[in-house]
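Taken together, the values in this text are just the output of simple stated rules run on the coordinates, not laboratory data. Given the structure is predicted, the values throughout are model-derived calculations rather than measurements. Because the Cβ atoms are built from the backbone with ideal geometry, glycine has one as well, and the counts that use them run over all protein chains shown.
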Amino acid sequence: MIKPVLHYFNLADEVVCFSTTRHGGVSKGKLATLNINPHRGDDPSAVAENLQAVAAEIGVKADKIVRLHQIHETHCLTVTDDFFHLSAAEQYEREEGKDAVVTDCRNVCIGVHTADCVPILFYDPVHSAIGAAHAGWRGTVQRIAQHTLRKMTELYGTNPKELKAVVGPCISLKNFEVGQEVYDAFSEAGFPMERIARMYEKWHIDLPLCNQLQLEELGVPTANILQAAICTYDNASEFFSARILKEGFGTIYTGIALR
């Protein structure tokens, strides 16, 4: 079997947290090589082989790896044991249009697909619950990180002060150049622009910091938030970057599973 190259995050012994890289799979072209996203026009047999390899690497069955079809909104999928009793078509339908996912099921991997957007992982060690969110600039403006944490509080009793989080590989402030309309969207949403924005030739926005600030605002201690500090744009040979690859690219899968 192929050997996928994963980047692990040392969050806690009770969970496995990781991001896939571009290495150790069988996908071709701009999808090369470790793409497990079925929504990118990849060869389905390559996606399946890559998925099986990732599953073996993290010790979770391939059919217990949840893969969302994201649309830059804030809808959250709740995964229970019943989810896995659904047909593949019914599971696919539940995953459609979701940009966040939470569960308290063990031996289930949940995660999000990104290629410059911000992946965020959540772990509640007290109630043994986990979450994942996809925060592009639109999701960040809509505060998807806070929506996901509130969903965990509602379902599992998560206390933000006890939460541990990972902000995974994503585009950095230096490389996230935006138009005035994006700057205005953040400003109108009440973000502290003096902290998250810099003017070079154009405006640049610090997406990882934006999402960290959202978690801190709800009470997550700064010390509990692990910033991967990996810029996908600067490390496009290791991680998929939409701004580098332009079109037809694969995605990083950033996932978490309760052991």
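With helices defined as uninterrupted DSSP H runs, which ones in the chain have an alpha carbon span along their own long axis of at least 18 Å and mean Kyte-Doolittle hydropathy of at least 0.0? Please list the in-between numbers first.
Working: long enough: 44-58 (21 Å, 0.62).
In the chain, the long hydrophobic H runs are 44-58.
What do you get for Rg/Rh over region 126-175 if you use C-alpha atoms and the Kirkwood form of Rh? Each step should come with its number before you reach the end.
Numbers: Rg = 12.4 Å, Rh = 12.1 Å.
Rg/Rh: 1.02.
List the pair-distance distribution P(r) of region 1-117, using every Cα-Cα distance, as the percent of pairs falling in each 10 Å bin from 0 up to the bin containing the longest distance, rounded to whole percents.
P(r) over region 1-117, rounded to whole percents: 13, 45, 37, 5.
For the residue pair residue 218 and residue 12, what label-to-label distance in nm results when each label sits 7 Å from Cα along the Cα-to-beta-carbon direction?
Label at residue 218, label at residue 12, 1.5 nm between them.
How many angstrom lie between the C-alpha centres of region 182-259 and region 22-63?
Each part's Cα centre sits 24 Å from the other's.
Sort 68-76, 110-118, 207-215 by packing, meaning the average of other beta carbons within 10 Å per residue, with the highest value first.
Details: 68-76: 18.6, 110-118: 27.2, 207-215: 22.7.
Peptide ranking by packing, descending: 110-118, 207-215, 68-76.
Using only the alpha carbon atoms of the chain, find the Kirkwood hydrodynamic radius as the inverse mean reciprocal pair distance, in angstroms to one decimal. List each step's numbers first, then the result.
On the way: mean 1/r = 0.0550 Å⁻¹.
For the chain, inverting the mean 1/r across all distinct Cα pairs yields 18.2 Å.
Relative contact order for the chain: what percent, with Cα pairs under 8 Å and sequence separation of 6 or more? Numbers along the way, then the final one.
Numbers: 596 pairs, mean separation 63.3, N = 259.
With pairs under 8 Å counted, the relative contact order is 24 percent.
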